[in-house]
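Engineer: One structure is given below, represented as structure tokens, and several questions about it will come after.
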Amino acid sequence: MSESPAASPKSKSMDDIVALCRRRGFIWQSSEIYGGINGFWDYGPLGAELKRNLKDAWWHDIVKCPPAGPHGDIIDMVGVDCTIIMNPKVWVASGHVGGFNDPMIDDKETKQRFRADHFYGLFITMKLKAEPVALANLVAKGNSGFLTDEWKLIKTYVGTFSEVCQANHFFNPGTKVGALKVQLGTTTYSAYDGYPGENPISESVRMHLVDKAGNELLGYLLPISIAYATENAAAIPSPFNDKAGSLTEPRQFNLMFESYIGAVRDDENRAYLRPETAQGIFCNFKNVVDTSRVKVPFGIAQVGKAFRNEVTPRNFTFRSREFEQMEIEFFIRPETANEWYRYWRDARFAWWKSIGLAGDNLQLREHDKDELAHYAKDGAGTCDIEYRFPFTAPGFGELEGVAHRTDFDLRQHARHSGLGDKLKYFDQELQVQMQAQGASKEEIAERSKYFPHVIEPSAGADRGTLALLCEAYTADPGRPSGVFMKFDPRMAPIKAGVFPLVNKEGMPEVAHKLYLELRQKWNIEYDPKSSIGKRYARMDEAGTPYCFTIDGDTLTAGTVTVRDRDTLKQGERIALDKVGAFLAEKVG
Ligand code: GAP
């Protein structure tokens, strides 16, 4: 067996992963025969199975069989399936019509548009000993501190922090970086010693610049704040051609896709494709409470499509315009928010690990207060569960957010729908408790009806699928395929291959019978043709954990060989009538 290299996404090439996805039918560009369409992706036979396995696992582990609560108690969870187009008032109430905007900057000359929060600048100063803390304060004030003569913004970049760093070799602690050259007047400086995160400013790199004569400058790669970009639009060099004067100030851009209902295309008939599945859940909160036996704390879950007119869709399916979410709105008593927030944060992190994303490539990141969405400002916390994709490495990209949304959404819907207090939850258990404690009637009436708070774990099914693909991709030059997909067996699109060693001598008949039996329960590949090596190679690229081969001994001794994808061992023989039990034990 050849040695599998360590599974670090940094060492994996996204181009290779995309090529495999295309070649083997995991993911294709939507409407590819017409040249595709930016930000939209189709899943082929293997990809559709993989994504379905992910969503089924989520539904099973969240809705049908949720984990035990913080004190070992059973959790109430129910599912819903709501429409993509809802009454447009929903999006006014949720804040999306007014606030679901990304500030954008246009380059009038090159006609390129980019997100203002994906804009970085290289600031330099002649002073080598700038105080890091003072510098952090300058950044917090919206870069305005850099408007002094001491600091010059000499170059700009577009992308996420890790993309900018990767493309410009900014992460190279202690090494000379020849790639970055800075021209100041007639002097050329080379940058060296890029130290990310070694200063109090998040998303920054501190570096030294040196000219031929050994003169040194201090440089900082920093996010350019909206305030700085607004005040200095005319003077900021374009990230595309280094010229000043072609950038606009940041402007708002609504991300919701619009459509019209009925024959007349006017404002009255305007509707939106939902940008998140969450609002369908909030709108049905009362319906669920009235028709099922759930009691606070309980959750409502939904899997479904969401649409965002992302300005810069990128990184394969990571930022798409049509994508699928797997969301839970978990309704709780307000005073239990801290406990439930921590519970869901940890439970969701453990879940991603359980489906094969364990190790250094998965991390939990608590948000700083100033990163929080409007609905989470006063909450118990917000965190992201992040995966280190090859295109974000050494940084991470968000898979799922867990947020304490307070009672923001229910209150908004109560107000905008006119239902008011009718949307409140009546907590009968609390009423009984308070009665037993001798609380007054007024107090009981006031406290037993309330808007529950919400903890929201919101995951992306497409990002999850992409993470599974990146994690599974394992180069192995020792195999005929040169690569295999090391999926967790529960996620593997095909659970087993069933192959007659040769397509004659009674072997196909036995193999086909076994295939018909196994496919009742699992997705199984039956392939009687081509060399056995080629068939194994195909299964390696599909990430099939086991192959069963029917050979001469099967016909005489009633046993089959088992080929293990990861170890490449095929010495084990098991009885033909035990194959189903073997697979059930291995893949569930
Ligand atoms: N209801 C809360 C909400 O929608 P979000 O952080 O905007 O929160 C939740 O989205 C998840 O949806 C993200 O963690 C990500 O996995 C996925 N997601 C968001 N935008 C996406 C996009 N443009 N393409 C693919 N997945 C996306």
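Engineer: Applying the selection to segment 426-460, what residues are in contact with a Lys or Arg (Cβ under 6 Å, 6 or more places away or on another chain) and either within 14 Å of the ligand (Cβ to nearest atom) or open to solvent by 50 Å² or more (accessible area, probe 1.4 Å) (or both)?
Structural biologist: Scanning segment 426-460 gives F426, K449, V454, E456, P457.
Engineer: Can you tell me which residues in segment 281-311 are more than 10 Å from the ligand (Cβ to nearest atom) and β-branched (V, I, T)?
Structural biologist: Answer for segment 281-311, where residues must be more than 10 Å from the ligand (Cβ to nearest atom) and β-branched (V, I, T): V288, V289, T291, V294, V296, I300, V303, V311.
Engineer: Pick from segment 558-588 the residues that are without any contact (Cβ under 8 Å) to a residue 12 or more places away in the chain and small (G, A, S): which of them is nearest to A492 (Cα to Cα)?
Structural biologist: Result: A581.
Engineer: Please enumerate the residues belonging to segment 261-289 that are closer than 12 Å to M86 by Cα and either in a strand (DSSP E or B) or among the basic types (K, R) (or both).
Structural biologist: R270, A271, Y272, L273, R274
Engineer: What number of residues within segment 246-280 satisfy the criterion of being within 14 Å of the ligand (Cβ to nearest atom) and open to solvent by less than 20 Å² (accessible area, probe 1.4 Å)?
Structural biologist: 9
Engineer: Working carefully through the options R490, R479, R463, find the one that is open to solvent by less than 70 Å² (accessible area, probe 1.4 Å), among the basic types (K, R) and either within 16 Å of the ligand (Cβ to nearest atom) or under 20 Å from the mean Cα position of the chain (by Cα) (or both).
Structural biologist: Numbers: R490 fails: open to solvent by less than 70 Å² (accessible area, probe 1.4 Å); R479 fails: either within 16 Å of the ligand (Cβ to nearest atom) or under 20 Å from the mean Cα position of the chain (by Cα) (or both).
Being open to solvent by less than 70 Å² (accessible area, probe 1.4 Å), among the basic types (K, R) and either within 16 Å of the ligand (Cβ to nearest atom) or under 20 Å from the mean Cα position of the chain (by Cα) (or both) holds for just one of R490, R479, R463, which is R463.
Engineer: Just a yes or no: is a residue in segment 499-519 under 19 Å from P45 (Cβ atoms) and without any contact (Cβ under 8 Å) to a residue 24 or more places away in the chain?
Structural biologist: The initial filter retains those residues of segment 499-519 that are under 19 Å from P45 (Cβ atoms), namely 499, 515, 518-519.
Filter again for without any contact (Cβ under 8 Å) to a residue 24 or more places away in the chain, leaving 515, 519.
Yes, segment 499-519 contains a residue that is under 19 Å from P45 (Cβ atoms) and without any contact (Cβ under 8 Å) to a residue 24 or more places away in the chain.
Engineer: If you scan segment 557-588, which residues turn out to be open to solvent by less than 20 Å² (accessible area, probe 1.4 Å) and assigned to a loop (DSSP other than H, G, I, E, B)?
Structural biologist: R565
Engineer: Looking at this structure, is E322 open to solvent by less than 20 Å² (accessible area, probe 1.4 Å) and within 13 Å of the ligand (Cβ to nearest atom)? Steps first, answer last, please.
Structural biologist: On the way: open to solvent by less than 20 Å² (accessible area, probe 1.4 Å): no; within 13 Å of the ligand (Cβ to nearest atom): yes.
So E322 fails the test.
Engineer: If T230 meets every condition in (1) hydroxyl-bearing (S, T, Y); (2) under 25 Å from R411 (Cα atoms); (3) surrounded by 15 or more Cβ atoms within 10 Å (Cβ to Cβ); (4) without any contact (Cβ under 8 Å) to a residue 40 or more places away in the chain apart from one, which number is that one?
Structural biologist: (2)
Engineer: When you check A337 against the structure, is it more than 16 Å from the ligand (Cβ to nearest atom) and open to solvent by 20 Å² or more (accessible area, probe 1.4 Å), yes or no?
Structural biologist: In short, no.
Engineer: Only one of these conditions is not met by E398: (1) out of contact with any Phe, Trp or Tyr (no Cβ under 6 Å at 6 or more places or on another chain); (2) more than 30 Å from R314 (Cα to Cα). Which number is it?
Structural biologist: (2)
Engineer: So is T554 open to solvent by less than 20 Å² (accessible area, probe 1.4 Å), out of contact with any Ser or Thr (no Cβ under 8 Å at 6 or more places or on another chain), part of a helix (DSSP H, G or I) and not basic (K, R) or not?
Structural biologist: Spelling it out, T554 is indeed open to solvent by less than 20 Å² (accessible area, probe 1.4 Å), out of contact with any Ser or Thr (no Cβ under 8 Å at 6 or more places or on another chain), part of a helix (DSSP H, G or I) and not basic (K, R).
Engineer: Between residues in segment 30-41 that are small (G, A, S) and residues that are open to solvent by 70 Å² or more (accessible area, probe 1.4 Å) and assigned to a loop (DSSP other than H, G, I, E, B), which pairs lie under 8 Å by C-beta distance while being six or more apart or on different chains?
Structural biologist: Taking only residues 6 or more apart or on different chains, the pairs are S30/I37; S31/I37.
Engineer: Okay, moving on. Which one of these does F316 not meet: (1) open to solvent by less than 10 Å² (accessible area, probe 1.4 Å); (2) within 12 Å of the ligand (Cβ to nearest atom); (3) touching a helix residue (DSSP H, G or I) at 6+ places or on another chain (Cβ under 7 Å)?
Structural biologist: Unmet condition: (1).
Engineer: For segment 402-460, how many residues are within 33 Å of the chain's Cα centre (by Cα) and acidic (D, E)?
Structural biologist: Residues in segment 402-460 being within 33 Å of the chain's Cα centre (by Cα) and acidic (D, E): 3 in total.
Engineer: Right, something else. From (1) out of contact with any Cys (no Cβ under 6 Å at 6 or more places or on another chain); (2) open to solvent by less than 20 Å² (accessible area, probe 1.4 Å), pick out the condition that doesn't hold for M539.
Structural biologist: That leaves (1) as the condition not met.
Engineer: Starting from residues that are among the small types (G, A, S) and more than 16 Å from the ligand (Cβ to nearest atom), keep the ones in segment 36-56 and report whichever is most open to solvent (accessible area, probe 1.4 Å).
Structural biologist: Only one residue tops the list, namely A48.
The values are calculated or read from the model by the stated rules, or taken from the named source; none is laboratory data. Treat the numbers as computed from the prediction; the structure is a model and nothing was measured. Because the Cβ atoms are built from the backbone with ideal geometry, glycine has one as well, and the counts that use them run over all protein chains shown. Surface accessibility is based on the protein's heavy atoms, side chains included, excluding ligands, DNA and RNA. Shrake-Rupley method; radii C 1.70, N 1.55, O 1.52, S 1.80 Å.
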